[in-house]
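Colleague: Here it is: the structure, laid out below.
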Amino acid sequence: MRGGNLKKSLASGASRLALTGGASRIAEVAAWPAIVAALLMASTSYAESDVLGTLEAPEQSAIVEVAQKPKGERSILVAKGTIGAEPAKTVAKPRARRRLEPISKLSEYEPELAEPMAAAGTPERIAAPAVETEAAVEPVSEPIAEAEIEPSFDAAEEPAEEQIVAETSSALEAVTFHGITPGISTRSEVLSDWNDALKADSSAETLNFQFDGLKGVNVNFAGERVKSITITLEKPTPIIEMITSMQLEGVRPVIVSDDAKTRFTQAYPERGVVLTLSDTAGMVLATDGESTNVQEQVSEVQLESISSKLFLLRAQESAKSNLSQSIVDLEQVVTLERKSPGAKHLLSCHNLAIGRAVTAERYAAEAVEIDPKNPEFRLQWAKCLGKLARYDRAVAEARKVLDLPGVESLQRAEALEEMGQLAALGSAEVAERSIQLHSKAIEIADGLANSDDVATRHASQCVLIDAHLAIATQIAQGNFQDKNQAVPQWIERASALTEALIDEDAKFLPQRLQVAVSALAAATNLAKPINPKLWVEEAEETVKLLQEERPDVLTCSQYDWQLGLAYLHAADIEHLRSDAASAKKFGKLAEAKLSELSRQRDELPDTGYTMGRLYFQIGAVYAVHEEDHTSACKWYDQAVDLLLNPVPVTTLAVPQQHGDALVSMGVSYWRTNDRDRAVELTLAGVELIEEAVDGGLLGSTSLSVPYENLSAMYQALGKSEPAARYQVLARKVSGSLSDSPQ
């Protein structure tokens, strides 16, 4: 299923979304003043200083404007999109009854079929930008004798191909040619063994030799030690014959080309061998009697000492498709060259992708220490710090990217986008300003999205996708009018950008999964629930394609985790739609995906919370829809310890979910006569919500139901003083202090 069908589904179904309650333990609320200060440290020498400066003056509405490009300037965002949303005024009604109440509310709408409605019109108060559409061979020579070029390791001990990845560090051995080994042999040894073949001055940096059956042999020296040996063959030789004669069958090669794609080499890092492939004129036709194919020919062989260079090249090539192999190669690079910032940066990126955040942060910090002026390295460090909930330091490092001399526009856009992501986790006032940061990132990235440089074009399009999804999420979680119409339009734009990027290069297929998961996450925070099944199907089909193309278990684990989150969000939505059977189905699918992977991702501070939230969600279906509190508590038992642990605000552990889950679980424990546990969880939930209110992340009305529940519990337990105290607090936060409880 393509993204276009789902875009229509979300846009048309946006009028059927609803909200679950919740709150989140704030482990680092105190850090947010520092974050606000860092956000305001905008240098007037940068264009984005105007955006950052606006954080000082809160307004009544959040404004997002994608700048209109001057006539003639290329842009992939053709229309000016403005989001002007006035905060909705919420007036809490006084409570007339004294009873226990779970905080999660259900939708008043009955479950609907998956058939999409007609596309919704453009909202009046929140306008999403429009998406631009466009009309769219010689004889085989004898191989070099094995006696002439041979690996200096015992061939009988060569590991099998599937073992190479795990045993790379123990299988390094440079190839020897006529007794000379690059990186080991000296000039004097070469002159002693090959002197009769010498055709140049013996003290030169490069010496030329002549051997029978070869066009020439050049030896390059680094001082007095052999650096490399270049062997030019008399005639091109089929590559399979070279691989066999040099015993390279068990070594995974890497293909390297020059910038013009006119010269290709095939390198074998563990042996220090580089085979230069001849052009098509040097290839031969091979036939098995039924089919004919072209065999690559080798015209030159270069033998080098074992170095980090080839391992780094191979790691970069396999980074998208096989993280296991790439990580092993990068670790080998770091072993051979301890101060390799590029390898440490990639190791940080890979480890963060699979949830090893502590390891990722360590590598990122080391890369910055080696090369402190590299904005890409510093931005990656900021991302790692953010994932570890070290928000004050994360914002400071992202700010430094903007202050680096000569920082390019793309890196400025990426830094602003990261600062927007971080700001969204702050107080309500700071979170509202995050949209402005995303908007500035969009403006800069849009100017680069049609760049002739492929890398710049693709990276800027990724920034645009991230920013559009972030704005959609922020509007969904915020207190904006008309968000049921605006959110789908921002997601639709992100989906269109994603599909265009995938059409250009299929390696960006994971972005389609990102859009699907973000759409489901946003849908849990809107007023009326859509049917989530189309987005789930999109996620499932995308993961299936990715796993077919990238079968590595470690690579696929990051996609499985995202799919598990899609199931979790779908379970939440189906709960709101009162479809208990579907909610339980998605919940159990989420458990099957996430439970095992959570162990791999335990370095992330919100992993435990995510699992606790999942168990709570499944239990809530039994409690609310089936009034089966005994079954609900069996799931809650798995959730309690995970949700009682302190968790900072993250993109998963968002306000209005964490504490409310504890309060709602308290109701079921009370109904099953486990009253001590019920009071314990309700008090814990109240504490979390109070922290969020004090930190500016929630409004005080979020405490109304928890206070009412505590009052009712203490009254039933015969504790009149705390019962009366919490009743007064409940009426105070709901604005009904004059009302008396029944």
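Colleague: What's the carbon and sulfur percent of region 547-659's accessible surface, probe 1.4 angstrom, rounded to a whole number?
Modeller: After summing per-atom areas, the C and S share lands at 48 percent.
Colleague: Run the quick spin-label model on R599 and N450: label points 7 Å from Cα toward the beta carbon, then report their separation in nm to one decimal.
Modeller: Result for the modelled spin labels: 5.2 nm.
Colleague: Continuing with this model, one more query. Please say if region 326-443 is rounded, prolate or oblate, where rounded means a/c under 1.5 for a ≥ b ≥ c the square roots of the C-alpha gyration tensor eigenvalues, and otherwise the choice is prolate for a/b larger than b/c and oblate otherwise?
Modeller: Numbers: a/c = 2.48, a/b = 1.72, b/c = 1.45.
Verdict is prolate for region 326-443.
Colleague: Using only the Cα atoms of region 645-692, each taken as one equal point scatterer with no solvent, compute I(q) by the Debye sum, divide by I(0), and report log10 of the ratio at q = 0.14, 0.15, 0.18, 0.26 Å⁻¹.
Modeller: -0.33, -0.38, -0.52, -0.87
Colleague: Here is a follow-up. Starting from the Cα-Cα distance between E337 and E408, subtract it from 0.36 nm times their residue separation and give me the gain in nm to one decimal.
Modeller: 22.7 nm
Colleague: Can you pull the semi-axes for region 213-282, root of five times each eigenvalue of the Cα gyration tensor, sorted largest first, whole Å?
Modeller: The equivalent ellipsoid of region 213-282 has semi-axes of 20, 16, 15 Å.
Colleague: Note down the net charge around Y636, summing +1 for each Lys or Arg and -1 for each Asp or Glu among other residues with Cβ under 11 Å from its Cβ.
Modeller: Its environment carries a net charge of -1.
Colleague: Now for a separate question. Farthest toward the dipole's positive end in region 478-547, which of Q547, W490, P510, given Cβ charges of +1 (Lys, Arg) and -1 (Asp, Glu) about the Cα centre?
Modeller: Highest projection toward the positive end goes to W490.
Colleague: For region 579-626 and region 638-698, what is the separation of their C-alpha centers, rounded to whole Å?
Modeller: 16
Colleague: Tell me the net charge near Q600. Cut-off is 13 Å between Cβ atoms, Q600 excluded, with +1 for each Lys or Arg and -1 for each Asp or Glu.
Modeller: Working: positive: R356, K593, R599, R601; negative: D560, E596, D602, E603.
Value of the local net charge: 0.
Colleague: D for region 465-597, whole µm²/s, Stokes-Einstein with Kirkwood Rh over alpha-carbon pairs at 10 °C and 1.306 mPa s: what number? Before the final figure, lay out each step's value.
Modeller: Details: Rh = 15.1 Å.
Using the Kirkwood radius from Cα pairs, D works out to 105 µm²/s.
Colleague: Explain nothing, just the number: dipole magnitude of region 588-630 about its Cα centre with +1 on each Lys and Arg Cβ and -1 on each Asp and Glu Cβ, in debye rounded to the nearest 20.
Modeller: Values: 5 positive and 8 negative charges, 37 e Å.
With only Lys, Arg, Asp and Glu charged at Cβ, the dipole is about 180 debye.
Colleague: Continuing with this model, one more query. Just to confirm a number: summing +1 for Lys and Arg and -1 for Asp and Glu over residues other than Q325 whose beta-carbon lies under 9 angstrom from that of Q325, what do you get?
Modeller: With Lys, Arg at +1 and Asp, Glu at -1, the neighbours total 0.
Colleague: While we're looking at this one, here's another question. Rounded to the nearest 20 Debye, what is the dipole magnitude of region 516-577 about its Cα centre when Lys and Arg each give +1 and Asp and Glu each give -1 at the C-beta?
Modeller: My answer is approximately 320 debye.
Colleague: Take the residue pairs K344/K440; K483/K533; K585/K634 and return only those whose Cα atoms are more than 25 Å apart. Numbers along the way, then the final one.
Modeller: Working: K344/K440 30 Å; K483/K533 21 Å; K585/K634 17 Å.
Long pairs (Cα-Cα over 25 Å): K344/K440.
Colleague: Could you list, in their original order, any pairs among K544/K593; K309/K339; K339/K387 whose Cα atoms are separated by more than 18 Å? Display every interim value, and only then the final one.
Modeller: Values: K544/K593 14 Å; K309/K339 13 Å; K339/K387 25 Å.
Cα-Cα > 18 Å for K339/K387; rest within.
Colleague: Just order 355-361, 550-556, 452-458 by mean Cβ neighbour count inside 10 Å, highest at the front, would you? All intermediate terms of the calculation are to be shown ahead of the outcome.
Modeller: Values: 355-361: 20.7, 550-556: 16.6, 452-458: 12.6.
Ranking, from highest mean packing down: 355-361, 550-556, 452-458.
The values are calculated or read from the model by the stated rules, or taken from the named source; none is laboratory data. On a predicted model such as this, the values are computed, not experimentally measured, just so you know. Counting neighbours? That spans all protein chains shown, and the Cβs are built from the backbone with ideal geometry, glycine included. Ligands, DNA and RNA are stripped out before the accessible areas are found, and what is left, the full protein with its side chains, is counted by its heavy atoms. Shrake-Rupley method; radii C 1.70, N 1.55, O 1.52, S 1.80 Å.
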